[in-house]
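Accompanying notes for the structure given below.
The values are calculated or read from the model by the stated rules, or taken from the named source; none is laboratory data. These numbers come from a predicted model, not from an experiment. Here the Cβ positions follow ideal geometry from the backbone for every residue, glycine too, while neighbour counts run over all protein chains shown. We work out accessible area using only protein heavy atoms, side chains counted, and drop any ligands, DNA or RNA first. Shrake-Rupley method; radii C 1.70, N 1.55, O 1.52, S 1.80 Å.
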Amino acid sequence: MSKEMQELQKQWHSVVQTIHSNANVVAFMNSRVGQYLDDHPFVALSLLMFIAVSAVPVGFFLVFVVTTAVMACIGVIVMEGVVIAIGGIALLCVLCGLGALSLGVSGVLSVSYVALSTLVNYWCASRAQMRKQDANGSLSQKQPGLDLSANTAKSE
C-alpha cells in the first residue's frame, strides 16, 4: 500500500475511534434502539437516508410555522390554522415521498454493495487460482476430464 493510503487509513481510523469513544454514541449504542440498528444495517441506512433527506423540508416547514405565527400575532388567527393545516398535509406528503425514496436508495445501495463485493470476491478468487496453477505448472498441462466433443463425434 502506498504511504498516502496508509496515512489516510490512519486518519480515518482516528476519526472512527473518536466517534466510537464519544459518551453519547456509547450510550446510544448500548440502548435497545442502538442495538437493533446495529443488528439491522439496512434499517439503519434507510433511517439515515430519511433523516438526511427530510431535514430541508422540515426546516422550511418550521420557518413557515414561525412566519405564520408572527402573522397570527398581527391578527390573522383563522388564516394561521388553515395555512398550517395545509402546510402540515403538504409536509406529510413530502415526507412520505422522501421515505419511499430513501428506502429505494437504500435498497439500490445494498444491492450494489452485495453485487460488487461478490464480483470482487470472485475476481480475487479466480486470480488466486490462476496464480496457484501458474506456480504448479499445471496451466500448460491439459487436465484429465470429460471431453464432450469427442463423445458426440463418436456417437454420430
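List every residue pair whose Cβ atoms sit under 7 Å apart, with the two residues 6 or more apart in sequence or on different chains, where the first one lies in segment 28-49 and is surrounded by 13 or more Cβ atoms within 10 Å (Cβ to Cβ) and the second, anywhere, is acidic (Asp, Glu).
Cβ pairs passing all conditions: 29/38.
What pairs come out if I take residues in segment 79-95 that are in contact (Cβ under 8 Å) with a residue 24 or more places away in the chain and pair them with residues that are assigned to a helix (DSSP H, G or I) and open to solvent by 50 Å² or more (accessible area, probe 1.4 Å) whose C-beta lies under 7 Å away, six or more apart or interchain?
87/64
Go through segment 1-111 and tell me which helices (runs of 4 or more DSSP H), entirely inside it, have 1 or more residues that are in contact with a Ser or Thr (Cβ under 7 Å, 6 or more places away or on another chain).
Passing ranges, in order: 41-74.
Do you know which residues across segment 9-27 are of a type outside the set (S, T, N, Q), under 22 Å from the mean Cα position of the chain (by Cα) and open to solvent by 100 Å² or more (accessible area, probe 1.4 Å)?
Of everything in segment 9-27, those that are of a type outside the set (S, T, N, Q), under 22 Å from the mean Cα position of the chain (by Cα) and open to solvent by 100 Å² or more (accessible area, probe 1.4 Å) turn out to be 12, 13, 20.
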